[in-house]
Amino acid sequence: QVQFVESGGGFVQPGGSLTLSCAASGLTLNETAVGWFRQAPGKQREGVASITSRAGTTVYADSVKGRFTISRDNFMKTLYLQMSSLKPEDKAVYYCETALPGTYVPLDSSYFTPWGQGTKVTVSS
């Protein structure tokens, strides 16, 4: 059974940095495209970054380009999101998700599914 456990969220001041981790069980992260999504109160879930299963091609939302980096470890068991220059609008619960079988539409939550409960990021002065 697939299970993701997200961690690394917390409180940070604007301009600060955090690294989120997603530990995967039940699959390796080179079997499917995966991505980070976030949801703020009262807003739709939105795609932040994605990475393909084999080539490791990355796609980022315009709002985070140059500030966030998605990556996998060498064992393909952990997904990371390195975040820097954080802004108040980055405040959200962050989820790691897999692409639905046979699909890959980067950053579109309709084509991904979550397996964990997320980790909360708060950016405030």
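Some points to look at:
- Carbon/sulfur fraction of accessible area - the chain, other protein chains in place, 1.4 Å, %: 48
- Within a straight-line Cα-Cα reach of under 13 Å, Lys91 can be paired with the following aspartates and glutamates, leaving aside sequence neighbours fewer than 8 residues apart in one chain: Glu46.
- Region 38-54 residues near the modelled Ser124 label - backbone nitrogen below 18 Å, point 7 Å along Cα→Cβ: 39-43
- Computed FRET value (nearest 0.05) for Thr57 with Gln1, which takes r as the C-beta separation and R₀ as 25 Å: 0.35
- Taking amide hydrogens as placed 1.01 Å from N in the peptide plane, the amide H of Val48 sits under 5 Å from those of Trp36, Phe37, Arg38, each at least 5 positions away in sequence or on another chain.
- Rounded to the nearest 20 debye, the dipole size of the chain about its Cα centre is 160 debye, using +1 on the Cβ of Lys and Arg and -1 on the Cβ of Asp and Glu.
- Simple spin-label estimate for Glu89 and Phe11 in nanometres, 7 Å along Cα-Cβ: 2.5
- For the chain, the solvent-accessible area of protein heavy atoms averages 52 Å² per residue (probe radius 1.4 Å; ligands and nucleic acids excluded).
- Averaging the sequence gap over all C-alpha pairs within less than 8 Å and six or more residues apart, then dividing by the number of residues, gives the chain a relative contact order of 35 percent.
The values are calculated or read from the model by the stated rules, or taken from the named source; none is laboratory data. Everything quoted here is computed from the prediction, not taken from an experiment. No Cβ is skipped: glycine too gets one built from the backbone with ideal geometry, and neighbour counts run over all protein chains shown. Note: areas computed on protein heavy atoms with side chains; ligands, DNA, RNA excluded. Shrake-Rupley method; radii C 1.70, N 1.55, O 1.52, S 1.80 Å.
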